[in-house]
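Encoded as structure tokens, the structure appears first; notes follow it.
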Amino acid sequence: MALPKIDVNIILKLPLWQRILVLGVIWLIIGGLFYYFLYSDKMTESSTLSTKLETLKNDSAKKKKLAGNLPKLKKEKEELDNQLKQLLAQLPNEKEIANLLESISDSAKAARLEVLTFKPGKEVSKGFYAEVTIDMKVEGGYNNILSFFEKVASLPRIVNISGLNITSGKEVRGDIMLSATFVATTFKFLPQPAAPQPGAKK
């Protein structure tokens with residue numbers, strides 16, 4: 001559709017206030033067109049870019065913070081690895097478990113206790129280690145029982161005593177013999193299967 005032709009001479013012949021009014025309307029139309037077709041799009045684009053820039057700044061700040069903490073995290077990981085190695089060193093393997101059970105029995109004898117029951121239970125897998133329980137019943141004096149617990153605590157391997165029950169028995173040479181039943185729990189390291197090599201056939 002063709003735009004209507006405007007005769008400038010007609011506008012010039014109008015009174016001053018009408019010419020000013022016409023010019024104002026024209027400027028409003030031009031300004032509206034400029035805002036609609038150019039300025040509003042640029043404002044929207046500028047707002048989008050500002051949002052993206054703020055997001056990038058936040059991401060950059062987070063990454064800088066992580067990068068600054070990286071040496072500290074590496075050091076903490078090394079410390080945890082060392083602690084894990086120390087704990088694993090206290091877990092006997094399959095070959096050492098028999099020696100550990102013998103050490104517990106020898107500790108009872110060294111404390112001059114009479115071992116009435118020494119019954120290893122079934123192993124209970126806990127992931128990379130297994131619990132090995134031993135039902136025990138010993139008889140002897142109070143100091144002898146205390147000495148046995150001290151000897152067990154000084155073993156190089158972890159041994160926990162639980163379910164302790166002590167009852168009094170007969171008197172021997174002025175000392176009251178005590179019967180103690182408890183569960184000695186130790187832990188055995190379970191070797192993990194090696195990770196498959198890349199490209200290896202199943």
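Just so it is clear, none of the values below were taken in a lab; they were calculated from the coordinates. No experiment lies behind these values; they were computed from the predicted model shown. Neighbour counts are summed over all protein chains in view; Cβ atoms, including those assigned to glycine, are modelled from backbone coordinates with ideal geometry.
This ranking places Tyr142, Tyr129 by how few other beta-carbon atoms lie within 10 Å of each, fewest first, which gives Tyr142, Tyr129. Label positions at Asn82 and Ala67, each projected 7 Å from the Cα along the C-beta direction, are separated by 2.8 nm.
Once R0 is set to 30 Å, what does the formula 1/(1 + (r/R0)^6) return for the Cβ-Cβ distance between Ser168 and Lys122, expressed as a FRET efficiency to the nearest 0.05? E(calc), rounded to 0.05, equals 0.40. Remark: the Leu56-Ile20 segment gains 8.0 nm on full extension, using 0.36 nm per residue and subtracting the alpha carbon distance.
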